[in-house]
1. For the subset of segment 293-319 comprising residues that are surrounded by fewer than 16 Cβ atoms within 10 Å (Cβ to Cβ) and of a type in the set (Ser, Thr, Tyr), which member is modelled with the lowest pLDDT?
2. So, restricting to helices (runs of 4 or more DSSP H) that lie completely within segment 1-110, which ones have at least 2 residues that are within 22 Å of Asp151 (Cβ to Cβ)?
3. Can Ile145 be described as closer than 17 Å to Leu8 by Cβ and touching a helix residue (DSSP H, G or I) at 6+ places or on another chain (Cβ under 8 Å)?
4. Check off (1) over 21 Å from Leu170 (Cα atoms); (2) aromatic (Phe, Trp, Tyr); (3) touching a Lys or Arg at 6+ places or on another chain (Cβ under 8 Å) for Phe254 and give me the number that stays unchecked.
5. For Tyr122, indicate whether it is in contact with a Ser or Thr (Cβ under 9 Å, 6 or more places away or on another chain) and surrounded by fewer than 18 Cβ atoms within 10 Å (Cβ to Cβ).
6. Specify which of the listed residues (Glu257, Glu289) is touching an Asp or Glu at 6+ places or on another chain (Cβ under 9 Å), loosely packed, with under 13 Cβ neighbours inside 10 Å and at pLDDT 90 or above.
7. Collect the residues in segment 199-233 that are part of a loop (DSSP other than H, G, I, E, B), touching a residue at least 40 places away in the same chain (Cβ under 8 Å), loosely packed, with under 15 Cβ neighbours inside 10 Å and under 25 Å from the mean Cα position of the chain (by Cα), keeping them in residue-number order.
8. So, Leu280, is that one crowded, with 16+ Cβ neighbours inside 10 Å and either touching a Cys at 6+ places or on another chain (Cβ under 7 Å) or in the same structural domain as His115 (by TED's automatic domain parsing) (or both) or not?
Amino acid sequence: MNPINIVLFSEVNSKFGYPFLRELIGDSSVNLLALVTSAPGKLCDYYLNESDFVDLEAEASSLGIPVYRPKTVNAPSLIQELKELRPDYFIIANYQQILKQDLLDVPIRDTINFHPSPLPRYAGLAPFFWMARNGERFGGVTALITTVTIDGGPILSQRDIFLRGTETSLEIRDIHFRESLLLLKDVLPKLAQRQYETYPQDLTKRTYFGHPKSADYVIPWDSLQEEVLSIIRASSPDPGAITYVNGLHRFTVFEAESCEAPNTPLQSPGSTILVQGKLLVATSNGWIEIKTIHNEEGPVNFRSIPHQFDSAEVSSIVS
């Protein structure tokens, strides 16, 4: 059986796309024709604050794979060049430009998008934050046929993921990235045989989650303990969950957990106490222990923490 011809679409610094690139290069059933990636000078902001940088362009170029970095992916000149490659499939793995119909018509077979969420649930750009924020117990990853309806095409294959409901957004991301690579390995033999079935999404069950707003990172101390913890987990490690003193002095919480304060009655939400060197903050129904907190200059000594964090409505704090 002849190898299948594939063009990969991914952001140049994508930690989602990099393992896909490596897998497609190493699979004998695949002839990777080209990589289409970010425009020159553009990086995907998902990974900007992470130290272990990846470079898909450098990896592909080192192996002689042509790399395209269009400012506009639907430009007629690029469409013509890709047509001349005669790809069987486009594979999308974290590519942020939208492919229009003329480009989707290029592959002989299909364009397949790997989306690290359990579609039709958690469509959109920020599934991991909202899974952590919602205490999600049932995740999943999806391979779907790309159509002009964003994240709305028929499903080719999925893998279910079971979560504790207490993971950080980064932990959820890493789990879903690993499972997406396994899903690619599941799907490639079907593509090589040109034999696969799809089924439509039930779009009545669709939930869409875009980028969090500034207010979504702010801790409302007058909420329930688990609500506060879910915001901290969702905001970890970047940018961290935000709290204020007098609406002005900003602190960033990166790690916390529920705790008890024996022989200490619960105080008003946002109140802080030190117990055996541990920083505890009151919520509406219990204490949480702050493990890591910074101000604008870096880590903060617990003894310098104010006695009260703001517990006013989020909108009034960030406005």
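1. Ser319
2. It comes to 17-26, 101-104.
3. no
4. Condition not satisfied by Phe254: (1).
5. The answer is no for Tyr122.
6. Just a single option satisfies the conditions, and that option is Glu257.
7. Pro200, Asp202, Gly210, His211, listed by residue number.
8. yes
The values are calculated or read from the model by the stated rules, or taken from the named source; none is laboratory data. Worth saying up front: this structure is predicted, and the values here are computed from it rather than measured. Cβ: placed from backbone, ideal geometry, glycine included. Neighbour counts: every protein chain shown.
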